[in-house]
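**Q** The following block contains the structure, expressed as structure tokens.
Bear in mind that the values in this text are calculations on the coordinates, not laboratory data. Quick caveat: nothing in here was measured; it's all calculated off a predicted structure.
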């Protein structure tokens, strides 16, 4: 039983971008050290006051990273799905130390302390380069989204967001790509800074134009090629 659990942990870690290049012997060493836990849906697992010096890895499910203004209004910064990384330690940060993190589905989560990260660096120094590449990619994605929000129509903002999420988390289903993250119209509105009504109107339009379709409650499938063509010609 212990062997099965250890192999499960190694399999999950091997799928996470942070660890995907580690050799089997590296995974065998670090898998038992890393904390693994299951967190129920709608659990706030971090606030700006409770953030710890740790790195977190989403193995299953999804989390919402958001900020809150003085009036209590929330603004979604990012939605992270399977195999994503967030958190901050003194030597490395993904910019999530001063925000709220809430599960939007049941989540299988693991975490690594700063000491464990430095131990990993000593035995596998290439991970530092990989970490910087991950941070750079996330900043580039955020910059592209901010640029689209500033200049594009609501429809263009939505299509850009959906393509980005399909690229990152999508599961191929023939023509359509399934985004395995619960994505309500309100959540999209929070991310783009627009009204839920405008999101609903444009989502109906995208559906009628064959760009998206529903796949279960709050789950969206994206016709990636059609939306990409639309974005390039818009």
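**Q** What is the mean projected area of the alpha carbon convex hull for region 152-233, to one decimal in square nanometres?
**A** So the Cα hull casts an average projection of 4.8 nm².
**Q** Mind jotting down the three principal axis lengths of region 161-207 based on Cα atoms? Whole angstrom, largest first.
**A** Cα extents, longest axis first: 31, 19, 15 Å.
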